[in-house]
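Accompanying notes for the structure given below.
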Amino acid sequence: MQYPKDGVRHTDTRGVAMRMPTKAEILALYRELVEEGVEPVNVLAERALRKLKTKSNSGIAVVSLLTKPFPCPGRCTYCPTEENMPKSYLSKEPAAARALMNDFDPYLQITNRLKALEMNGHPIDKIEMIVIGGTWSFYHPVYQEEFLIGCYRACNDYGTGDDSRTEKYMDRLAYLLLLQDRNERAKSRIIGLSIETRPDYITDFEIERLRALGVTKAEIGVQHLDDDVLKLTKRDMKIERVKTATEKLRNAGFKMVYHMMPNLPGSTKERDIAMFGELFSGEDFQPDMLKIYPCMVLEHSELYETWKKGDFTVWSDEELIEVMRGAKKFVPPYVRILRVYRDIPASYIKAGSTISNLRQVMDEDMKKNGWHCHCIRCREIREGEVNADDFTLSRIEYRTKTGTELFLSWENTKKRKLAAFTRLRLPDNNGNDAILPVLRGAALIRELHTYGRHTPIGGAGEQSQHVGFGRRLLAEVEHIAKDAGYTKLAVISGIGVREYYRKLGYRLEGTYMVKYFQ
Ligand code: SF4
């Protein structure tokens, strides 16, 4: 194949215009040549050819998929309703557009997403599945189960030539368990599954159900901590429900993301900044992760009408940056800020910031004004080399209403780099008040994460995932839990990570990987 070097438009012998090849095409050709033994493996070239590094440079390929169009019990004034879309989503948002193209079919959404990621050079053996779209807990249980059956089938079939969609089953939940079991050995393993829901839908029954479905992370819409703001925006919920949901989720080992929304009607800049301080100053909240979505006036929302009447104004970009600066300063080192802006096409935004690269803008602000964000996202190592001797074990302990949280991490404090961390939950009363019988007497590992270049399952590597940080953290928390008087340690493990724990003496009990202390 020949490509023009002089910028002049050329045609091949058939008269077809020639062009520069895309990165994906070069990568595909490179892989073919490596497979045929014509070219040696070149890790640097491969890394350079990978598009959109952030999709997998935390070691995991993230796949977001949408549930079908469906209403939500909420009436939140800022939330858009578009025909043929699940509540809150707009058809031109990237994940929504992909879902629409696949007719919201989970099997097709996943298969086509994996194809695209693979073509662009991303490893696809470890998948974090993020299910978005309205309120998960409000969908009919039959739909929830069938949706997840589609997801597991797609991951299990991918790259095998099989199509399990023709398989018949009598009992949906039993079949789901079978698919989960198969996924433990699949090429694309689901190592985490998250859903979005409302805090007032988190009951004991829902906790049990989320675990049966394999959910490991819950994203809950909190938005604001003041009841008067929640009332004005028709959230139909008091903040007390957030506190209850938070403890229930944490005591079942879930990782937890709060969605927060500065600039809501009824609030002020000062109040919003203080709200982030309140999140982390006491025992009531303490989320593990944050998605911060500054309020925007969107087409198809009630707030749009309020704004048109002049009853609501949004901040300028400078004001938004000022609030984000204030908010970020409160975020402790054990929290990861996943998002600071919702990626909504500007055509929908009637008022509000359109700085879609707000994270980079904040990075620039830090450099210019000499301040730092301490969150995990701002410190995790990416593609750099890892020398284990440069990292030391750090420990942070904090209380929530019904237990103690330990955040242990391998950090290079001089360079502000974090290579691995774990969250250990020590529930009060030695875990004997747990909702799920399997967790009685257990300390909980809610998260164990190592950063660095992604290495395929079973592959070798020299980055943090392979210098033993994960195992050393695990050994440390086992000691701590045993010394604290717990009879066992339970891990809320994604299906695809069960094998890792099995090799370390854990066994599957209920939906958790459990190790008993002698
Ligand atoms: S609960 Fe969530 S999805 Fe439902 S209306 Fe409110 S913001 Fe929208």
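The values are calculated or read from the model by the stated rules, or taken from the named source; none is laboratory data. This one's a predicted model, so the numbers in the text were calculated from it and none came from an experiment. Using ideal geometry, Cβ is built from the backbone for each residue, glycine included, and neighbour counts are taken over all protein chains shown. Ligands, DNA and RNA are excluded from the accessible area calculation, which covers all protein heavy atoms including side chains. Shrake-Rupley method; radii C 1.70, N 1.55, O 1.52, S 1.80 Å.
Roughly how many Å is it from the Cα centre of the stretch 113-178 to that of the stretch 316-390, as a whole number? Each part reduced to its Cα centre gives a spacing of 32 Å. Straight Cα distances below 19 angstrom link Lys217 to the lysines Lys55, Lys126, Lys243, Lys248, Lys255, Lys291, with same-chain residues fewer than 8 positions distant left out.
Of the listed residues Tyr201, Tyr516, the order by accessible area with a 1.4 Å probe, largest first, is Tyr516, Tyr201. If you add up the charges near Thr246, with Lys and Arg at +1 and Asp and Glu at -1, over every other residue whose beta carbon is less than 9 angstrom from its beta carbon, what do you get? Value of the local net charge: +2. Take the Cα of Glu208, step 7 Å along the line toward its Cβ, and report every residue of the stretch 147-182 whose backbone nitrogen sits under 18 Å from that point. Correct set: 172-174, 177.
Using the empirical formula 2.2 N^0.38 Å as the baseline, the Cα radius of gyration of the stretch 378-421 reaches a ratio of 1.35. Each residue, Asp428 and His372, gets one label point 7 Å from its Cα in the Cβ direction; the gap between the two is 3.5 nm.
Placing R0 at 22 angstrom, the Cβ-Cβ distance between Lys234 and Glu299 gives a FRET efficiency of 0.75 after rounding to 0.05. Based on Cα atoms of the stretch 53-197, Rg over Rh with Rh as the Kirkwood radius reads 0.97. The figure for Val242 is an accessible area of roughly 0 square angstrom, using a 1.4 Å probe on the protein chains alone.
Convex hull volume of the Cα atoms of the stretch 388-516, normalised per residue: 107 Å³.
Model label points for Val142 and Ala484, set 7 angstrom from Cα along the Cα-to-Cβ axis, are 4.4 nm apart.
Note that the stretch 404-409 has calculated 3J(HN,Hα) couplings of 10, 10, 10, 10, 10, 8 Hz, one per residue in order, obtained from phi through the Karplus relation 6.51 cos²θ - 1.76 cosθ + 1.60 (θ = phi - 60°); glycine and proline are x. Within the assembled protein chains, the solvent-accessible surface assigned to Met289 is about 10 Å², based on a 1.4 Å probe. Taking each residue as 0.36 nm, the span from Asp171 to Lys414 lengthens on full extension beyond its C-alpha to C-alpha distance by 82.0 nm.
For a distance above 18 Å, tell me the whole-number percent of Cα pairs in the stretch 130-275 that qualify. That tail contains 62 percent of the Cα-Cα pairs. Taking amide H as placed 1.01 Å from N in the peptide plane, the amide H of Asp428 sits under 5 Å from that of Gly403, Thr404, each at least 5 places away or on another chain.
Each peptide in 401-410, 246-255, 230-239, 350-359 receives the mean, over its residues, of other Cβ atoms within 10 Å, and ordering these scores from highest gives 246-255, 401-410, 230-239, 350-359. Among the lysines, select those whose C-alpha is under 18 Å from the C-alpha of Lys92, and discard any that sit fewer than 8 residues away in the same chain. Within reach: Lys68, Lys350.
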